[in-house]
Every structure is written in structure tokens, then in C-alpha cells.
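Enquirer: My structure is below; once you've seen it, I'll send some questions.
Bear in mind that the values in this text are calculations on the coordinates, not laboratory data. Here the structure is a predicted model, which is why all the values come from computation and not from measurement. Please note: Cβ atoms are built from the backbone with ideal geometry, for glycine as well, and neighbour counts cover all protein chains shown.
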Amino acid sequence: MKRHGVPVLLGLAIGLASGAPCAAQMLETETARLLPGGSGKAGSAFELQTASAGREGALPLLFEYGLTDRLELTAEPVPYTTIRPADGQSATGVGDVELTLTYGFLPESGRRPAMALAAEVKIPTAHDDLIGTGETDYTAYFILSKKLGQHTDMHFNASYAFLGSPPGVSLNNVFGGAIAAVHHLSQRTLLYGEVLGTTAASSEGEGGDTVPGGVTTIVPEAAGSELVGTAGLGWNVSPALLVFSGLSYDNTSALLLRAGFTFRWGAAPVPASPAR
């Protein structure tokens, strides 16, 4: 399996990278391997995204705690976001906060992957409609994680999001899927990649929605369908500290650079999966 780990990962990563902003860990994809009870994780990342429509930047944070060996709570605030469209008004301010509770109901065994369920709520703390919709969203996840040999780790997510609609707008609920791979090139160095896809939140594509009377209301953060992914490198500075950097690309031709770190404490970490 070691010989095939790198080709599998490159097959996921070539030509695709994640344009979805605001992730404090190196992957958006959730993992079914949870923190041991009583241990924690904290981290941050800097993101810069460029496209023909403009530029965006963000500084998301991560706080994660193992309530038990099977139950994990995650908080992801975004204290700084800046959006600079090529045309129109700019925005700078705090982003939304995501809270996620994950339950690992089946451990990995033989050919069977580890399985987990997660429930996420997005709290609308952003005050500008360029940064957030101003409404609460709820997302449910089904998560699989599986080791391939001793050096490659795979993760798969299926999700469904219930989106809150701003006044005068009717947003669609969103189906999503993700697949990620992490391959350990050495004891300290790893190569990672992921592919994500979602259906459109708005029937008018990039955030537009037609209301009675034929008027189209624009909701910038209510995106059309997406196909995105990530490719990058990580380095374990120590068993507790991981630094990473990755490049991203999406179906709107947006390019994103994400660089950051995560720090773990408490019980000995499971080394194979730095996914979210």
C-alpha cells in the first residue's frame, strides 16, 4: 500500500484545490478519529484568496476538545475577515462562528472504516452581508475514515445543510460531499489533498434569488454549486505541533493560499489524521 499511497493522493489533488475559506485546520474534511477524552487541540490559519471578482482574506481559529473518547466538541470562530471585490463595496469584520459536536459510533476494524456522525450549527456573528447571511445554519454529517496500509489515511464525508434565509430571499438546503487523503512521506512530513462538492444554495447561481415581482436579490455569501479541493504539505515540528501550507482552486477559478498550525495537548495524539 505504501507504493500506491502517493498516486492515490495525487489523483485527488491534481487540478483541484479548495477555494472554501475559513478553515483553521489544513483540511475541510471531517475525520471519524476523534481526540481522546480530556485532550484538546487549538490552531489558526491565514488565508488569502484571489479571483477575477476580487480578493478575500481571513484568520480563522480552532478550539477542539474531547469530551469523551467518542464525543468531541469543536468551536471555529473567525475574528477577522476582509473582502475586496473588484467592483463594488468592500467589507472587513468578524465572520460567523461554527460549533460542531461529533460522535464516533464505530471504530475502525479490519476492512471496516471508522464511522462518526456530526451536527454543526453556524452562529451568525458576522455583521456585514458580504461576510455572512445573518442567519443560523444547521448541518448534519456522516463521516468515514480508513487507513490504507501504514502510510495513507482516507476520509469521506456526506452532508446536508439546512440554510437560514435572509428576509426576501429563499435559499435552498445544500447537499455536500468530500474525500480527503493524507500520505506520510516520512515520520515528520506529509502530503495531503481533498476534493469537495456542494449543490447550489441559490437557484440563481452566485447568491441571486428571484422574489415575487421578478426582482433578483443578491446574497453574496449564498453561493452557487461548488467543486473545490486542496493540495499541500504538512510538517510535524513535534508530536504535538503541526504546521502546514496548501494551495487551493475552485470551479470559479479562485486561487487560495492557506498556511497555519495546530497544537494538541493531553492524551497522546493519534498520528495518522490531521484532518478536521
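Enquirer: On a straight-distance basis, which aspartates and glutamates could pair with Lys122 in a cross-link, Cα separation under 18 angstrom, same-chain partners fewer than 8 positions away excluded?
Expert: Glu28, Glu30, Glu64, Glu72, Glu76, Asp96, Glu98, Glu135, Asp137, Glu221
Enquirer: Right, here's the next one. Residue separation times 0.36 nm, minus the C-alpha to C-alpha distance between Thr92 and Tyr80: what's the value? Intermediate values should be presented prior to the final figure.
Expert: On the way: separation 12, 0.36 × 12 = 4.32 nm, distance 0.73 nm.
Length difference between fully extended and current span is 3.6 nm.
Enquirer: Mind checking the dipole of the stretch 16-157: about its Cα centre, +1 per Lys or Arg Cβ, -1 per Asp or Glu Cβ, Debye to the nearest 20?
Expert: Details: 10 positive and 18 negative charges, 139 e Å.
Dipole of the stretch 16-157, to the nearest 20 debye: 660 debye.
Enquirer: As an exercise, use a Förster radius of 22 Å and the Cβ-Cβ distance of Tyr138 and Thr252 to find the FRET efficiency, rounded to the nearest 0.05. Numbers along the way, then the final one.
Expert: Values: r = 26 Å, r/R0 = 1.16.
My answer for the efficiency is 0.30.
Enquirer: Per-residue HN-Hα couplings for the stretch 85-97, Karplus 6.51 cos²θ - 1.76 cosθ + 1.60 at θ = phi - 60°, whole Hz, x for Gly and Pro?
Expert: Listing the rounded values in order: x, 5, 10, x, 6, 9, 8, 9, x, 6, x, 7, 10 Hz.
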